[in-house]
Amino acid sequence: MDSITTAASVVAAGLAVGLGAIGPGIGQGSAAQGAVEGIARQPEAEGKIRGTLLLSFAFMESLTIYGLVVALVLLFANPFAG
Amino acid sequence: MSASPLLQPDIDPSKGGSTALAKTPEASASPERNLNPVSVEFPLGSSEEEYVQLQQRLFLATLIVSAFAASFTAIFFDFSAAISLLIGAFAGVLYLRLLARSIGKLGRSSKGVSKIQLVVPVVLVLAALKLSELHFLPALLGFLLYKPSLMLQVLLESRIQAKSVSS
């Protein structure tokens with residue numbers, strides 16, 4: 001693998017993780033804020049709120065995982081390496 | 001959210017102090033309005049039980065979907081691919097378990113959701129890339145098998161809610 005491909009792969013891996021984590025990070029933050037506020041207002045609905053939070057977090061975090069997988073493939077099994 | 005002065009504990013509970021409220025004139029004048037969280041009685045046990053039951057339903061659904069997908073792969077593709085898919089599915093269940101645990105701690109012992117569960121896909125992908133016995137694509141697809149069970153769960157819950165509203 002030549003140096004330009006290596007450098008581009010490392011930059012692309014960083015961008016994949018970094019940009020891929022922005023959206024889910026914002027979404028998870030606002031979802032957790034809403035859930036904690038909801039639990040504080042209605043403690044009797046804590047189980048339902050936590051369950052909904054678990055489902056939404058699992059869907060949101062998969063976007064981060066996609067970026068993570070792309071970055072790991074670029075770093076450890078680069079398809080563009082000669 | 002701004003905290004009421006009545007909710008300010010006089011001693012830090014994390015250092016072994018009590019969560020008893022400060023004796024303000026307002027609180028001592030009307031004891032029934034005392035907002036001490038210890039004295040408030042809600043059916044928290046049933047609520048926590050509901051969350052635990054949801055987790056168990058999710059794990060069970062993920063295992064059923066994984067077993068179905070692994071048997072399908074073993075019959076129509078390759079046995080080693082089915083093993084890789086099963087390993088990925090177990091990693092997905094572990095990831096879901098860690099995520100559920102960190103969400104369960106949210107608001108109680110931690111202020112945010114921890115990211116320790118992201119170690120699981122990283123280790124799985126690295127193992128799939130380094131080990132020749134573990135196929136990359138089946139392991140990744142097996143890991144993502146928790147999503148169909150989540151969708152199934154959401155659909156079932158929305159259908160049950162719609163039925164209860166209509167009846």
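The values are calculated or read from the model by the stated rules, or taken from the named source; none is laboratory data. This structure is a prediction, so every number in the text was calculated from the model and none was measured. Note that we place each Cβ from the backbone using ideal geometry, even for glycine, and neighbour counts take in every protein chain shown.
Remarks
- Residue check for B:Leu99: within 16 Å of A:Ile49 (Cα to Cα) and modelled with pLDDT of 90 or more: yes
- Subset of segment A:37-47 [of a type outside the set (Asp, Glu), crowded, with 17+ Cβ neighbours inside 10 Å and at the interface with chain B (Cβ under 7 Å from one of its Cβ atoms)]: A:Ile39, A:Gly47
- Scanning segment A:56-65 for residues that are facing another protein chain (nearest Cβ under 9 Å) and surrounded by fewer than 17 Cβ atoms within 10 Å (Cβ to Cβ) turns up just one, A:Phe59.
- Across segment B:113-145, the qualifying residues are those that are more than 7 Å from every other protein chain (Cβ to nearest Cβ) and under 22 Å from B:Glu48 (Cβ atoms), and the one among them that is surrounded by the fewest Cβ atoms within 10 Å (Cβ to Cβ) is B:Ile116.
- With respect to (1) among the polar types (S, T, N, Q); (2) more than 8 Å from chain B (Cβ to nearest Cβ); (3) in contact with a Phe, Trp or Tyr (Cβ under 9 Å, 6 or more places away or on another chain); (4) more than 30 Å from B:Ser132 (Cβ to Cβ), the lone exception for A:Ser30 is condition (3).
- Qualifying helices (runs of 4 or more DSSP H) (wholly inside segment B:58-167; at least 3 residues being under 19 Å from the mean Cα position of the chain (by Cα)): B:79-105, B:119-130, B:146-166
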